[in-house]
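Since the structure comes first, as structure tokens, the remarks are kept for the end.
The values are calculated or read from the model by the stated rules, or taken from the named source; none is laboratory data. Computed from a prediction, not measured in an experiment: that's the story for all the values here. We place every Cβ from the backbone using ideal geometry, glycine too, and count neighbours over all the protein chains shown. Protein only, heavy atoms only, side chains kept; ligands, DNA and RNA dropped before computing areas. Shrake-Rupley method; radii C 1.70, N 1.55, O 1.52, S 1.80 Å.
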Amino acid sequence: MTVTDATPETDSDTAQPPERLGWATVSTPDGPFTFLFDDDAVVYASGWTDDPDYFLSLIHRTLRPESLVKRPGGVIAQAVRDYYRGDLDAPSRIEVCQRSGPFLQAAWAALREVPAGPPVTYSELAERAGNVAAIRAAAACCAQNAAALFVPCHRVIRSNGELGGFRYGLDIKESLIDRENDL
């Protein structure tokens, strides 16, 4: 599974959070893209902002670090650059750590399998996650996703073709969808 937990204690709130996470920011055509990551290059949170502290509230409380340290982005930064250069699968090769209930975990894993190209609907995401009736939960999966781009919630739209919401603004969501449909 590509959406993993930091510890094997998946359903436990007793797991110790990492002491610290690194952070780095990469310039992109859509603006600064910042990501938080551990020593194994696993992404905990990411998105289009230059404020690493913004992500702390997005990370599940059992995974929140005690501190953030600016570090070189290494393979993660390269994956972001590669995405913007046309390798739309590059972010999917980076491991992600998020924690929630069983359906959101399944939905995040399913979302990681949605290829670049025409977006899927929330109902299609619910079906891919194993519960065709969980359309609102599929929308919650996108809304609660802390690891934008690496868990590509921008690839999900409403059944009527409207973009729906996006934490970093509809302009960026539209830009990402257009980029993925143009290549």
| How far apart, in nm, are the 7 Å Cα→Cβ label points at D182 and D82? | 2.1 nm
| message | Compute, for the chain, the length of the dipole vector about the Cα centre, with Cβ point charges of +1 (Lys, Arg) and -1 (Asp, Glu) only. Units Debye, rounded to 20. | response | 180 debye
| request: Please give the residues of the range 64-102, grouped as numeric ranges, whose backbone N is less than 18 Å from a label point set 7 Å along the Cα-to-Cβ vector of S27. | output: 72-74, 77-86
| said: Please report, ordered by residue number, every helix of the chain (full DSSP H runs) that is 24 Å or longer along its axis going by C-alpha atoms and whose mean Kyte-Doolittle hydropathy reaches 0.0. | reply: none
| Gain in length, N160 to R20, computed as 0.36 nm per residue apart minus the alpha-carbon separation, to one decimal in nm? | 46.2 nm
| Separation between the V75 and R93 pseudo-spin-labels, each 7 Å from Cα along Cα→Cβ, expressed in nm? | 0.9 nm
| query | Which value results when the Cα radius of gyration for the chain is divided by 2.2 N^0.38 Å? | reply | 0.97
| task | Please work out the FRET efficiency for the pair R136 and E113, using the Cβ-Cβ distance as r and a Förster radius of 22 Å; give the result to the nearest 0.05. | result | 0.60
| said: Per DSSP helix of 4 or more residues, -39500 (n - 2.57); summed, then divided by the residues of the chain. What does that give at 222 nm, rounded to the nearest 500? | reply: -8000 deg cm²/dmol
| field | Intensity falloff of the range 20-93 expressed as log10 I(q)/I(0), Debye formula with alpha-carbon point scatterers, at q = 0.25 Å⁻¹ | value | -1.18
| Accessible surface of the chain, 1.4 Å probe, proportion on carbon and sulfur as whole % | 48 percent
| Tell me, in nm to one decimal, what length is gained between D50 and L68 on full extension, where the rule is 0.36 nm per residue of separation less the Cα-Cα distance? | 5.1 nm
